[in-house]
Amino acid sequence: MQNGATAPAWRACGAFVTQPSGDLVRPVRHLRVLYCLPDRHYEDWKTNHTPTGYEYFCRDGSLNTFTSRPMRRFLGQMSIASQFRT
């Protein structure tokens, strides 16, 4: 929510007028996981691991530069929109 506000997930998603009365089962259609590895383990992990299509890796120290152009480009690749050429 904006400006630090909080809300229950059912309200924040905007899909419901009233609170659901039971469990909801929703398929996961888009999954991306960003693993932030300690700097000292990153290079070894990178050379010995083959990521799956939904896994992304970065150095822990890279999180401090999330507004930099290279990091924003990297994070943009995780978007579902990056799979379509418009």
Seminar exercise, completed: Hydrodynamic radius by Kirkwood for the range 23-83, inverse mean 1/r across distinct Cα pairs, in Å, is 13.2
Seminar exercise, completed: Computed over the chain: longest principal axis from alpha-carbon atoms vs helix 39-48 long axis, angle to nearest 10 degrees, is 80
For this session: Pop a pseudo-label 7 angstrom from the Cα along the beta-carbon direction at both residue 73 and residue 21 and give the gap in nm to one decimal.
Result: 5.4
For this session: Could you let me know the centre-to-centre spacing of the range 64-86 and the range 1-57, using Cα atoms, in angstrom?
Result: 16
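Bear in mind these aren't lab numbers, they're just calculated from the coordinates by the rules spelled out. Model, not experiment: these values are computed from the prediction. Positions of Cβ are backbone-derived with ideal geometry, glycine not excepted, and every protein chain shown enters the neighbour counts.
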